[in-house]
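J.: Sending over a structure as C-alpha cells; questions will come in a sec.
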Amino acid sequence: MIEGVLFDLDGILVDTEPLHCRTYIKALANHGIHITEEFYFDFWTRQGKGIKEYVREYANGLDPLEVRDEKLELYFKALREDIPIIEGAPECLEALSAQFPLGLVTGSLQCSADLVLELTEFRRYFNGIVVTADDVTHQKPHPEALLLAAEKLKLAPSKIAYVGDAQKDFQAAHAAGMNCVAIPTTLTADNDFSLATTILSSIKELTPEYVRSL
C-alpha cells in the first residue's frame, strides 16, 4: 500500500520545460552554438543530461557555468512574467496532502525550484521534503534523489509513488524500488514508458482513491 507520494516538478506541476528549452537555446546561441528543440528535449528531458554533459560531448572549451548562469537569468525573468501552473495541479496537491505525506524531487537547481515554489505557493504541501540537483551527486535516471527523498519521508521506497512525465523519471523510480505514476506531456509522449507502474492522461486523475489503489 502506498503511504507517501513524491512529485517531479517540471512537466508535472508546472509546464516549464518549454521555458527551459527556449532559454537554453538562447543562452547557447549567445555563444554561437545552435541546437534544436528536438535535440534539447531528447538530451535534457528524456536522457536527463545537462549543460556540463553537453559541453563535454559537443562543445569542449565552453564554460558550462557561464552558459547556465545566462540561461537562469533568462529563465527567471520568464517565470516572473508568467508561471505556467499545470491545470489541476493545485487541487491534486491539496487533496493528496490531506491524506499522504508529499515530497518534491526535481532535477532543477535549488534556486530554480525555490522560485517556482515561491511563485506557485506549492512549498506548503511538501513540509520541507524537497530534493533538487544541488542535493545529490547523480541526477535522474540514477535513483539517488528519490532514495534521499524516501529517507526524508521515513518510508520504504516500496511504500512510495513517484509522479513523473519523462523516461528518466520512470527509470529512476524503478531503480529506487518505487511505484511510478506516469503523466506524459506532448513533449515526452515518445519516451519509453515500459517501466512506469501506471499511466494517466492528466494530473486530475491522481486522486487519493487512485493512489490507494496502487
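J.: Residue by residue through the range 129-184, note down the ones that are more than 27 Å from LYS52 (Cβ to Cβ), touching a helix residue (DSSP H, G or I) at 6+ places or on another chain (Cβ under 8 Å) and in a loop (DSSP other than H, G, I, E, B).
T.: Within the range 129-184, ALA156, GLY177, ILE183 meet the criteria.
J.: Also, quick follow-up: For ALA29, state whether it is modelled with pLDDT of 95 or more and over 29 Å from ARG123 (Cβ atoms). Can you show your working first?
T.: Working: modelled with pLDDT of 95 or more: yes; over 29 Å from ARG123 (Cβ atoms): yes.
The answer is yes for ALA29.
J.: If I ask for residues that are over 16 Å from ASP82 (Cα atoms) and hydroxyl-bearing (Ser, Thr, Tyr), which ones from the range 16-31 would you list?
T.: TYR24
J.: If I go through the range 106-126 residue by residue, how many of them are touching a Lys or Arg at 6+ places or on another chain (Cβ under 9 Å) and surrounded by fewer than 19 Cβ atoms within 10 Å (Cβ to Cβ)?
T.: Result for the range 106-126: 4.
J.: Also, I was wondering about something else. Tally time: how many residues in the range 189-205 are aromatic (Phe, Trp, Tyr) and either closer than 20 Å to ALA95 by Cα or exposed (fewer than 15 other Cβ atoms within 10 Å of the Cβ) (or both)?
T.: Restricting attention to the range 189-205, the residues satisfying the condition of being aromatic (Phe, Trp, Tyr) are 193.
Now narrow it down to the ones that are either closer than 20 Å to ALA95 by Cα or exposed (fewer than 15 other Cβ atoms within 10 Å of the Cβ) (or both): none.
The qualifying residues number 0.
J.: Are any of the residues in the range 58-67 buried (at least 17 other Cβ atoms within 10 Å of the Cβ), hydroxyl-bearing (Ser, Thr, Tyr) and at pLDDT below 95?
T.: No, that holds for no residue.
J.: Counting only residues that are buried (at least 21 other Cβ atoms within 10 Å of the Cβ) and of a type in the set (D, E, K, R), which one in the range 127-167 is nearest to PRO84 (Cα to Cα)?
T.: ASP165
J.: Can I ask one more? Within the range 82-103, is there a residue that is touching a helix residue (DSSP H, G or I) at 6+ places or on another chain (Cβ under 7 Å), closer than 25 Å to PRO18 by Cα and polar (S, T, N, Q)?
T.: no
J.: For the range 1-54, which positions are part of a loop (DSSP other than H, G, I, E, B), in contact with a Lys or Arg (Cβ under 9 Å, 6 or more places away or on another chain) and surrounded by 21 or more Cβ atoms within 10 Å (Cβ to Cβ)?
T.: ASP8
The values are calculated or read from the model by the stated rules, or taken from the named source; none is laboratory data. Everything numeric here is computed off the predicted structure, so don't read it as measured data. Please note: Cβ atoms are built from the backbone with ideal geometry, for glycine as well, and neighbour counts cover all protein chains shown.
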